[in-house]
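Just below is one structure, and these are the notes that go with it.
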Amino acid sequence: MDGTLLDHDSYDCAPALPLLRKLANADIPVILNTSKTAAEIQSWQQTLGLRLPAIIENGSAILTPPGSGDDSQDPVLHIYGATMVDLEAFLEEIHPAAINFVTCPSELATRLTGLQGIALAAARDRHFSIPLKFSDSLAAQHFSATAQARGLQCIQGGRFFSLQGQCDKGTTLKHLINRYQEAWQSKVTVIALGDNHNDLGMLSNADVPVVVKSPSGHLVTVPDPITIYTDHPAPDGWVEGVTRALATLSIHL
């Protein structure tokens with residue numbers, strides 16, 4: 001979301017709201033696939049006028065609406081990632097020279113993200129991933145290799161490296177696509193938008209991948225000739241990317 005649908009620094013989404021309403025009116029689902037937590041997503045769903053499902057914590061879980069006849073109104077979690085118990089045990093053993101976003105002082109977490117209060121608490125309410133910030137690339141590479149050898153992984157995102165299980169936005173998107181195709185008994189066409197390395201799996205599993213430009217340029221490339229590279233950063237780049245992607249499918253809202 002950050003740097004794709006939301007402005008990377010201010011989290012502004014206002015330019016995207018009119019198109020989101022048009023997509024809703026056209027019964028085109030918009031599914032958030034993000035490193036954000038369940039607590040964050042439920043707040044953003046309301047702000048953006050979206051409904052579940054959503055993919056959270058870099059593909060670690062899918063949030064779906066409560067089942068029919070379910071007394072609980074809480075979303076249902078379909079988990080694909082590692083637990084915090086496993087991740088914390090690994091961190092305690094390895095002791096990386098990195099800032100742990102979940103446990104670092106609140107003032108530092110605010111400086112790193114611009115979040116505070118309830119929004120910061122929601123971002124730190126993590127169950128399947130731990131955002132880390134390393135002092136240099138060599139330390140990050142060494143830690144990532146160690147995590148991989150232990151059945152975990154450390155994925156680079158826009159602000160942090162994410163320590164998590166062997167899942168990502170792309171593999172979990174495939175699970176969700178299968179759910180839609182089973183429910184609808186037909187193939188679904190996927191437009192995916194991203195701006196950073198942790199989006200590559202998702203973009204590679206889309207029919208129309210869209211790379212949203214960051215203020216410093218396009219950070220990733222997708223080896224698919226149909227890939228769209230936007231001229232503008234988020235949130236205007238999201239509007240541009242969706243509009244151009246729909247046009248390639250001959251859909252004009």
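The values are calculated or read from the model by the stated rules, or taken from the named source; none is laboratory data. As the structure is a computational prediction, the values presented were derived from the model and not from experiment. Cβ coordinates were reconstructed from backbone atoms using ideal geometry, including for glycine residues, and neighbour counts include every protein chain displayed. These area figures cover heavy atoms from the full protein model, side chains too; ligands, DNA and RNA do not enter into them. Shrake-Rupley method; radii C 1.70, N 1.55, O 1.52, S 1.80 Å.
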*Can you tell which of 229, 180, 80 shows the greatest fluctuation in a Gaussian network model of the chain with Cα springs below 10 Å?*
180
*Count the lysine pairs in the chain that are 8 or more places apart or on different chains: how many have C-alpha atoms under 24 angstrom apart?*
11
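Where the only charges are on Cβ atoms (+1 Lys, Arg; -1 Asp, Glu), what is the dipole of the stretch 41-96 about its Cα centre, to the nearest 20 debye?
That gives a dipole near 380 debye.
Want the number for residue 26 to residue 204: 0.36 nm per residue separation, take away the alpha-carbon distance, what's left?
61.5 nm is the gain from fully extending residue 26 to residue 204.
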*Å² per residue, accessible surface of the chain at 1.4 Å*: 49 Å²
*asked:* Rounded to the nearest 20 debye, what is the charge dipole size of the stretch 100-184 about its Cα centre when +1 sits on each Lys and Arg Cβ and -1 on each Asp and Glu Cβ?
replied: 40 debye
_GNM flexibility winner over the chain from 23, 77, 32 (Cα, springs under 10 Å)_ = 23
*Under 5 Å between amide H atoms, partner at least 5 residues away or on a different chain: which partners does residue 127 have, H built in plane at 1.01 Å?*
none
*Extended-chain gain in nm, criterion 0.36 nm per residue less alpha-carbon gap, residue 83 and residue 252*: 56.6 nm
*Could you check how much of the accessible area of the stretch 126-253 is carbon and sulfur, as a whole percent, using a 1.4 Å probe?*
53 percent
_With every protein chain in place, the stretch 64-115: carbon and sulfur % of accessible area (1.4 Å)_ = 54 percent
*Using Cα atoms only, what is the angle between the long axis of helix 236-248 and the major principal axis of the chain, expressed in degrees (0 to 90) to the nearest 10?*
50 degrees
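Taking the Cα centre of the stretch 1-117 as the origin, how large is its charge dipole in debye, to the nearest 20, when only Lys and Arg (+1) and Asp and Glu (-1) carry charge on their Cβ atoms?
Approximately 520 debye in magnitude.
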*Counting each DSSP H run of 4 or more residues in the chain as -39500 (n - 2.57), what helix-only mean residue ellipticity at 222 nm follows after dividing by all residues, to the nearest 500 deg cm²/dmol?*
-11000 deg cm²/dmol
*Label-point separation, residue 76 to residue 184 (7 Å along Cα→Cβ), nm*: 1.9 nm
*Listed residue (178, 217, 165) projecting farthest to the positive dipole end of the stretch 159-230, Cβ model*: 165
*Residue-wise, which Karplus ³J(HN,Hα) couplings in Hz belong to the stretch 217-226, taking 6.51 cos²θ - 1.76 cosθ + 1.60, θ = phi - 60°, and x for glycine or proline?*
x, 7, 7, 9, 10, 10, x, 9, x, 7
*Given labels modelled 7 Å from the Cα in the Cβ direction, how far is it in nm from residue 138 to residue 121?*
4.2 nm
_Among 60, 156, 76 the positive-end extreme of the charge dipole of the stretch 44-182 (Cβ point charges)_ = 156
